[in-house]
1. Is segment 80-93 home to any residue that is within 16 Å of ligand 2 (Cβ to nearest atom), at pLDDT 95 or above, in contact with a strand residue (DSSP E or B) (Cβ under 8 Å, 6 or more places away or on another chain) and under 20 Å from Val156 (Cβ atoms)?
2. In segment 76-89, is there at least one residue being without any contact (Cβ under 8 Å) to a residue 24 or more places away in the chain, surrounded by fewer than 16 Cβ atoms within 10 Å (Cβ to Cβ) and under 28 Å from Asp140 (Cβ atoms)?
3. Look at His99 and say whether it is under 21 Å from Pro14 (Cα atoms) and surrounded by fewer than 17 Cβ atoms within 10 Å (Cβ to Cβ).
4. Hey, can you tell me all the residues within segment 177-215 that are charged (D, E, K, R) and surrounded by fewer than 24 Cβ atoms within 10 Å (Cβ to Cβ)?
5. For segment 18-84, which fully contained strands (runs of 3 or more DSSP E) count at least 1 residues that are among the polar types (S, T, N, Q) and out of contact with any Ser or Thr (no Cβ under 8 Å at 6 or more places or on another chain)?
6. Which residue pairs have Cβ atoms under 7 Å apart, sit 6 or more places apart or on different chains, and have a first residue in segment 94-121 that is under 15 Å from Ser67 (Cα atoms) and in contact (Cβ under 8 Å) with a residue 60 or more places away in the chain and a second that is open to solvent by less than 60 Å² (accessible area, probe 1.4 Å) and outside any loop (DSSP other than H, G, I, E, B)?
7. Mind counting the residues in segment 1-11 that are surrounded by 14 or more Cβ atoms within 10 Å (Cβ to Cβ) and more than 14 Å from Leu71 (Cβ to Cβ)?
8. When you check Val145 against the structure, is it under 23 Å from His246 (Cα atoms) and of a type in the set (A, V, I, L, M), yes or no?
Amino acid sequence: MTDRLVLLGTKGGPALRPGGPWPTSSLLEIGGRSIVIDCGLGVTRALTEAGVNLKSLDLVFITHLHSDHVLELGPLLHTAWTAGLAEPVTVYGPAGTDHYWQKFVQSLEFDIEIRIDDEGRPDIRDLVRIEEFTEGAALDAGGFVVTALRVEHPPVSECFALRFDHGGRSVVFSADTAYFEGLAAFAVGADILVHEAMLEKGVDRLVERTGNGARLREHLFASHTLAQDAARIASQAEVKHLVLHHLIPADDPEISEDDWRAAVRTNWGGELTIARDGTELRLPNEVPQGKGAR
Ligand SMILES: [Zn+2]
Ligand SMILES: [Zn+2]
């Protein structure tokens with residue numbers, strides 16, 4: 001299996017529009033681990049379309065508890081369970097993730113109990129383990145290391161960028177954040193930086209369209225990053241490939257890929273991908289032990 005990153009859902013925010021992209025979720029397959037990062041609406045379907053057998057769901061990481069990142073976590077786990085999940089799944093999320101999960105299984109008590117009784121399934125509550133993490137090392141297992149960095153996403157304080165390292169390769173997710181200088185050191189030398197991005201002219205049009213005006217604009221600028229600033233982080237960090245996702249706006253017919261590329265151009269001359277739902281990138285091959293260059 002080639003190690004890969006698939007951007008499953010690429011729009012910022014939870015709203016859906018006809019023909020448009022879906023909220024945030026990603027798949028990282030690295031060193032034999034299969035990791036889902038964020039579970040916005042559509043994650044289950046997108047995983048199956050990416051060829052993932054839900055039975056083999058292994059690890060889930062949630063960056064923060066905004067619904068465009070967590071709405072489908074419960075439904076994904078439940079669907080994996082009905083697909084025959086046999087091995088435990090661990091979900092790493094910020095404080096509050098366990099509360100979400102407890103309430104989710106409670107809301108589906110009828111279905112869960114009946115399937116245990118009627119179909120002889122193992123109890124889903126025993127198959128899912130929730131680990132709440134904070135800044136620092138979230139996981140270190142068999143050469144696979146995950147590190148978290150608190151970013152700036154007011155009014156949410158528990159929001160974390162994530163860095164995945166294995167076999168000399170590294171992939172970093174910015175999570176939702178305002179321009180945050182600390183990300184440059186955190187992402188240093190990464191093979192891929194997946195950064196959220198917003199386009200100023202698109203935001204003005206979005207604000208006009210959705211009708212709650214100044215307040216929405218204020219929120220967006222205080223808690224998200226303009227594409228040119230995401231590019232600045234990528235340059236400072238000297239990453240090898242910048243991927244923009246969690247796009248705001250994501251479904252404006254007047255905004256094209258060229259607009260995104262133009263916004264990034266002055267600050268970033270390296271490899272660039274403007275993510276679409278289903279965009280797939282191969283990771284470089286594992287660096288044999290002892291020759292690691294990180
Ligand atoms: Zn978001
Ligand atoms: Zn958010």
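1. There is at least one residue in segment 80-93 that is within 16 Å of ligand 2 (Cβ to nearest atom), at pLDDT 95 or above, in contact with a strand residue (DSSP E or B) (Cβ under 8 Å, 6 or more places away or on another chain) and under 20 Å from Val156 (Cβ atoms).
2. Among the residues of segment 76-89, not one is without any contact (Cβ under 8 Å) to a residue 24 or more places away in the chain, surrounded by fewer than 16 Cβ atoms within 10 Å (Cβ to Cβ) and under 28 Å from Asp140 (Cβ atoms), which makes the answer no.
3. Yes.
4. Residues satisfying the conditions are Glu181, Asp191, Glu200, Lys201, Asp204, Arg205, Glu208, Arg209, Arg215.
5. Those strands (runs of 3 or more DSSP E) span 25-30.
6. Partner pairs satisfying both residue conditions: Pro94/Phe160.
7. The qualifying residues number 6.
8. For Val145, the condition - under 23 Å from His246 (Cα atoms) and of a type in the set (A, V, I, L, M) - is not met.
The values are calculated or read from the model by the stated rules, or taken from the named source; none is laboratory data. Remember, it's a predicted structure, so these values are computed and weren't measured experimentally. So basically every Cβ, Gly included, is an ideal-geometry build from the backbone, and we count neighbours across all protein chains shown. These accessible areas exclude ligands, DNA and RNA; they are computed on the full protein's heavy atoms, side chains included. Shrake-Rupley method; radii C 1.70, N 1.55, O 1.52, S 1.80 Å.
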